[in-house]
Structure formats: C-alpha cells, structure tokens
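Heads up, the thing below is written out as structure tokens.
The values are calculated or read from the model by the stated rules, or taken from the named source; none is laboratory data. All values reported here derive from a predicted model rather than from experimental measurement. FYI the Cβ positions are ideal-geometry reconstructions off the backbone, even for glycines, and counts take in every protein chain you see. Areas reflect the complete protein model, heavy atoms only, side chains present, ligands, DNA and RNA absent. Shrake-Rupley method; radii C 1.70, N 1.55, O 1.52, S 1.80 Å.
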Amino acid sequence: MFTHEVRLSSHTRQALHFLVDEIDSAPLTEDALYASMPALVTCLPAELVERVLAFRESRNHDALMMRGLPLGAMASMPTPPDAYTASRTVYGFAAVGIAVLGILGTPFAYRGQQNGRLVNNISPMSTTAGTADVGTGSHLPFDLHSEDAFMANPPNFLQLSCVRNPLHVPTTVSGLRSGDLDAGTLNELRRPEYLVRTNPAQTGWDEERLRPGPVVWGHHGRPLLRYNSMRTEPTTTSPGAAAALGGLRRVLTRNAEDACLSPGDLLTINNYRLCHARRSFPARFDGSDRWLLRTVAYRDPHVVEDSTRYDGYPVLS
C-alpha cells in the first residue's frame, strides 16, 4: 500500500477540537495564516506532529491519511459554487492543514491558479463540469498526474483535506515500486527528452517557458516521478521513448489504489513519488457537492526562488 492510514487518539482529537474552535472564533486572512504558521505548528498535538515527521522520513509509505480531524465551522458551510470567487477567509480546519504542511516544508500558492490563493478549493463548477483534467470538473475524470508536473521543480508535497464527499468519490494514487519497469525502460524515461504540458486550469503559465526533462529519476529502488498521463510527450522521434511512456502508463494503471476521503480527513502525498487522479461524478451544484481543500509545499523553497514573489505568502509565477 502506498498510503499509511492513521486514526489519532481521542486525546489528540480533543486538543484539535479546541484549536479549531479557537481559530474559528477569529478566522484568519491568508496573509495572517502564513505569518502565524510557526506558532500554529507549536500548537499542534505531539502525536500528530510525530506522525507527520515519521511520514516525512518514511521509505515505506508515500502518502499519509489522517482520519477524522474536526471540521469546526466549515462543517455547516455550503460547497462554494465558484472556486475562484469564494471567500478567502481561513477557518480552523484549513489552518490546521497549513500547519501540518509547515512541518513538512513551506506552503506555496500559484499566481495562475484560483487567483493566487494559498488554499485552493477543489469543488465542482457548472462552467467546467464537462472539462477533463481540472480540479473544478466533475462529469469527466482527472487522469493520473503529478501535481504541477510541467514545472522543472514541482512541489514536494500535495495536501488534500476533505470538507465533504457525499458520493464517496475516491482520490486515486499510484506510483512505481522497485522492479516494476525493466532497466531499458527506466533508462529511456531517465533521458531529459520529455515535455510535460500544463493542464487546462493552468492558463497563467506560458508554455514557451516549458523545457523537456526526465520522467523518472532518483534511486532505482525508489524512483521519483514527474508525469502527467494526458500531457507528457517525447521530444524525440525515438520509438523507444514512446514505448517507455506506454509501459509507465500501464504500470501506474495497474498499481492504482483508491483513497476515499471522508469529512475531516487529511491526505498528504509525496508528489515526487506518487501521481493522483479523480474519477468522474454527477455534481448537483446545490452546495452539497464534494469539497476538498488543496495546498502544496516545497521542502526547500530556494529551488523556486527565481520564480517566487511574496504577497504576504510565497506565490509562484
């Protein structure tokens, strides 16, 4: 299994209830949230911090699912009909998620995604219901991809936290295990000859800036991935490159595991080890649809320093 599932003790959950309620009584702006992140981390229960640190250093699991965190005030909020214009006020549940990411690295936003929000809404919009491979879609799937794989240095961690998921739509994760691909295929995928294009929602990125790179790199026993199943293409006419991509897709499809998030669940993914995906589902657009929060983090923010501006928090452009 790629995902390690954790149910926190009743003592830890009670401490989180107090923390979420305290933040809900005076919700934060995104700027204030980022500024208070170091203090928030020190307020997290020791058991939670220990679990997150163990995941960060683990070589056995590439995703951490923490079940049943308190939603607080967010439990009664309707799913936003428009992810872009929804309130940017940060309540306790979302703030705890950011604090968890603060243990792992530095949370980032993107200028071209949801108007530079630090916490993105993954919720269906009627205007994008029929668009594939977007977080605000529903009627069409979002195929396997590393988060922001088009970047030379994608974020290390992706966090998805669940406010509601009434249809139990799973988040699919998949990756490579030792021995999944033969040496010849791995060598092809290690060549810097693959271009990963942007997804439809990443309209703010200039594709002229994209450069080819490897799809797989790192240690042969724990290979790292930079992949988008629908938007990765070889920049060479070598038949070996296309065959290697086809082999990778078959393995990732075979290795796919479903992780179904329920309200209060927090899923953190090692974005260099796992791809993720979402199946299609029938959205109602009535405030009751699936609603996840998405944030990314860099373990070392200096790798994207040249593309970062600070507008109260780090924003990639």
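Annotations for the structure displayed:
- Per this entry, residue 20 is not counted among residues that are open to solvent by 30 Å² or more (accessible area, probe 1.4 Å) and at negative phi.
- The stretch 291-317, residues that are in a strand (DSSP E or B), open to solvent by 40 Å² or more (accessible area, probe 1.4 Å) and farther than 17 Å from residue 102 by Cβ: 309
- Leading residue by the ranking (most open to solvent (accessible area, probe 1.4 Å)) among those in the stretch 250-266 that are in a helix (DSSP H, G or I) and farther than 16 Å from residue 278 by Cα: 250
- Residue 74 passes every criterion in (1) within 27 Å of residue 116 (Cβ to Cβ); (2) open to solvent by 80 Å² or more (accessible area, probe 1.4 Å); (3) in a helix (DSSP H, G or I) apart from (2).
- Looking across 190, 164, one residue alone is free of Cβ contacts under 8 Å to residues at least 60 places away in the same chain, among the charged types (D, E, K, R), surrounded by fewer than 23 Cβ atoms within 10 Å (Cβ to Cβ) and touching a strand residue (DSSP E or B) at 6+ places or on another chain (Cβ under 9 Å). It is 190.
- Here the condition is being in contact with an Asp or Glu (Cβ under 6 Å, 6 or more places away or on another chain) and either surrounded by 15 or more Cβ atoms within 10 Å (Cβ to Cβ) or of a type in the set (D, E, K, R) (or both); of 3, 79, it holds for 79 alone.
- Where a residue in the stretch 225-249 is farther than 10 Å from residue 191 by Cβ and in contact (Cβ under 8 Å) with a residue 24 or more places away in the chain and its partner, wherever it lies, is in a helix (DSSP H, G or I) and not hydrophobic (A, V, I, L, M, F, W, C), with Cβ under 7 Å and at least six apart: 229/249; 247/185
- Looking at 87, 126, 174, just one residue is without any contact (Cβ under 8 Å) to a residue 24 or more places away in the chain and either of a type in the set (Gly, Ala, Ser) or touching a Pro at 6+ places or on another chain (Cβ under 9 Å) (or both), and that residue is 87.
- Odd one out for residue 36, checked against (1) part of a helix (DSSP H, G or I); (2) open to solvent by 60 Å² or more (accessible area, probe 1.4 Å); (3) touching a helix residue (DSSP H, G or I) at 6+ places or on another chain (Cβ under 9 Å); (4) without any contact (Cβ under 8 Å) to a residue 60 or more places away in the chain: (2)
- Matching residues in the stretch 269-288 - criterion: being over 22 Å from residue 229 (Cβ atoms) and either open to solvent by less than 10 Å² (accessible area, probe 1.4 Å) or under 12 Å from the mean Cα position of the chain (by Cα) (or both): none
- Selected residue (criterion: nearest to residue 250 (Cα to Cα)) from residues of the stretch 219-228 that are open to solvent by less than 20 Å² (accessible area, probe 1.4 Å) and in a loop (DSSP other than H, G, I, E, B): 227
- Strands (runs of 3 or more DSSP E) enclosed by the stretch 91-155 - at least 2 residues per element that are of a type outside the set (S, T, N, Q): 106-110, 142-145
- Exclusive hit being in contact with a Phe, Trp or Tyr (Cβ under 6 Å, 6 or more places away or on another chain) and closer than 26 Å to residue 308 by Cα, set 101, 64, 71, 118: 118
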